[in-house]
Structure formats: structure tokens, C-alpha cells
Amino acid sequence: MKSLAFTIFHALGLVRFAAWWNRRRVIILCYHGVTEKQERSLLDPFGLHIRHERFTAQLDYLRRHYHVISLSDYLKARDERRALPDYSVVLTFDDGYRNFLTAAMPRLAERKMPASVFVITERVRSDGQKLEGAWAESDDVAYLSWEEAQALSKEQAIEFGSHTCSHPKLSQLSLEEAERELQASQAVITEHIGNGALPLAYPYGSYSEAIIEKARALNYTCALTTDAGTNDPQTDLFALRRILIGDDDDKVSFAARVSGLTGLLSRLFSRLQLKSLVPLKSLRAKRSDAYIDGPSGR
């Protein structure tokens, strides 16, 4: 049904119109992993690991129609009150799975596209071994090591940020617990990668005004939600919107998402309080919960 709707949006010209309408707003895409499996894993029912052919097609679509910029370039332009090129897109990857190194990074590097990775510090490997080589099936469940993160930062200019220490729903913690998650993860990443100015991605997109103020007080550069939508110069830097991309997103649905159309529809449905529809925000939360805490016990 969703695929049919996206096809209709394309046929009616709504996707192209939405892309033009949002051309001066910045789109931030949220990925999790890229896999070289031919079929989706049973451990990934919601498809947060995108099969590599689909990911490659998405990058080529962005190369033809958009300008992929780094998160730091976006923040610098915001600070300088400087306009960015029309159709600017930022790529982000949550969790820090090792398949970012072996499956996503080669395709990004080939196209000279920057990206930011948000790591869960308690899951980053500290085995002291930097592994090389092609993608392996274990990369879809393993996490990057600190040595690999350092190499990505130095050799590929990949930017790193915090996804907290243990990936909790911050809004459900006490403020003291939330502050420890934010502060400790920030310190560990700075120690290993050497960049004190870090962005934050809220786990599960869970945040509150109090959490925003904690992140701001700790001098994070910004914080990313999973609230669908686009970002303009007035968007709070600690409530930046992102669009979740998954393995279900073929060329048609990806074009609709990156145009900002789905974020617009999501906000419209929310305002109209269409009780018969599953809210997209709730769906995203369920997908993330299942992915992190699913049958594999990860």
C-alpha cells in the first residue's frame, strides 16, 4: 500500500514539487547499517540494514539530484548565517555497526560523500585490533572498534558523534542518569577520537525539553531527533529533524522521503489526529526498539 502511494505521488508530480518547495531546507537522512546479504535477515524484520544494491542506488540518486554536505558544514553555515546550496542533504548513521566500514564506506568514498556516525560507546569494541577486508556477515551484528573509528576519522574524514553510552530512552531516565549518559559518552569519544566538539543523536529519538537543555549545557554542537521533516534556519539545533531510511525504500519511496514529502505528510496526519493511521513517529520508535533489542539480544 505504501509503495503504491509513493508511485501515485510520483505520477502526480508531488515528489518533484516537494523537492523544489524544500530546496532551501536541509534534509538529514538517518541510516543504521548497510549489508551485502542478498536477502533481508530474519533478525532485521524492519530492514534497518539496507542491502547494498539499494544503498548504492540511493547514493547515485543523491549525486544526480542533491548536494551531500557534512554535518559540520551545515552547522558552520548556520553559525555564519550563510546560505547553503539548494537541495542540501546530510547523511547520518546511528549505532556504529561495523558494516559502515566494510559496506557503506567504500560506496561513500567512491562518490566522495561525507557522513556522520553516532556510536553507542559501551558497544564500541576495544580489542585493540583494526580489522581489514571485505564485508562479512558478522559485520551486521558487530560494532566498530575504537581503532577503526580513529582510522575512519583520520583517513576518510568521517565525523563521529554520541549516541550515548548504553542507548537508553533519555526521556525515561532521571535527569541525573541522562546527564551521566551524555557526559560520559562525550568524554570517551573525545578521548579516543580527539574531537571535543561533538553532535548528539537521541536514542530512539527520545528527548524532552529538559534533555535538550542538558545537551546544550554540555556543549554538544547539536542534537538529532527522529522527528520526520526538514530543517530551516529557525529549526532548533538541539531538535534537528531526520528522515529514517530503511531497506523497504526503493527508488520511488526514497525519492519521496528525501524530497521532504513524507515528513510533511507525517506532520499533517499528526495535526489532523487521524486515529485510524499508525503515527509515523510511533512506527519509527517500534522499528528502532525491535532492531536494538530484538531476538538476537543486541
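The values are calculated or read from the model by the stated rules, or taken from the named source; none is laboratory data. The structure displayed is predicted, hence computed values, not measured ones. Here the Cβ is made from the backbone with ideal geometry for all residues, glycine too, and neighbour counts use every protein chain on show. We work out accessible area using only protein heavy atoms, side chains counted, and drop any ligands, DNA or RNA first. Shrake-Rupley method; radii C 1.70, N 1.55, O 1.52, S 1.80 Å.
Values for this structure:
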read-out	value
5 angstrom amide H check on residue 206, placed H, neighbours 5+ away	170
Paramagnetic label zone (point 7 Å from Cα along Cα-to-C-beta, residue 190; backbone N under 18 Å) in the range 205-223	213-223
Rounded to whole Hz, the Karplus (6.51, -1.76, 1.60) HN-Hα couplings of the range 25-37, x for glycine and proline	9, 9, 9, 10, 9, 10, 9, 10, x, 10, 10, 9, 5
Net charge, residue 231 excluded, C-beta distance under 12 Å - Lys, Arg +1, Asp, Glu -1	+2
For the chain: accessible area per residue (Å², 1.4 Å)	47
Accessible-area order (highest first, 1.4 angstrom probe) of the listed residues 49, 65	65, 49
Magnitude of the charge dipole, the chain, Cβ model with Lys/Arg +1 and Asp/Glu -1, debye to 20	1340
Within-14-Å neighbourhood charge of residue 61 [Cβ basis; K, R +1; D, E -1]	+4
Amide hydrogen neighbours beyond the local backbone of residue 94, cut-off 5 Å, H modeled	31, 32, 118
Choice from 252, 124, 15 with maximal GNM fluctuation in the chain (Cα, 10 Å cutoff)	252
Net charge of neighbours whose Cβ lies under 15 Å from the Cβ of residue 217, counting Lys and Arg as +1 and Asp and Glu as -1	-3
Gaussian network model of the chain, springs between alpha carbon atoms under 10 Å - residue of 210, 178, 239 with greatest fluctuation	210
Sulfur and carbon atoms: percent of accessible area, the range 1-50 [1.4 Å]	66
Accessible carbon and sulfur surface of the range 138-238 relative to its total accessible area, %, 1.4 Å	48
Linear extension gain, residue 218 paired with residue 236, 0.36 nm per residue minus alpha-carbon span	4.9 nm
Relative contact order (percent, whole number), the range 81-189, Cα cutoff 8 Å, 6+ residue spacing	30
Cross-link table 37/169; 112/169; 112/251; 154/251; 112/214; 37/251, entries beyond 25 Å C-alpha to C-alpha	37/169; 112/169; 154/251; 112/214
Rough spin-label spacing in nm, given labels placed 7 Å along Cα→Cβ, for residue 57 and residue 171	3.4
Prolate/oblate/rounded label for the range 71-227 (Cα gyration tensor, a/c 1.5)	oblate
5 Å-binned pair-distance histogram of the chain (Cα, whole percent)	1, 5, 12, 17, 19, 19, 14, 8, 3, 1, 0
Highest-MSF residue in the chain out of 102, 92, 235 [GNM, Cα springs under 10 Å]	235
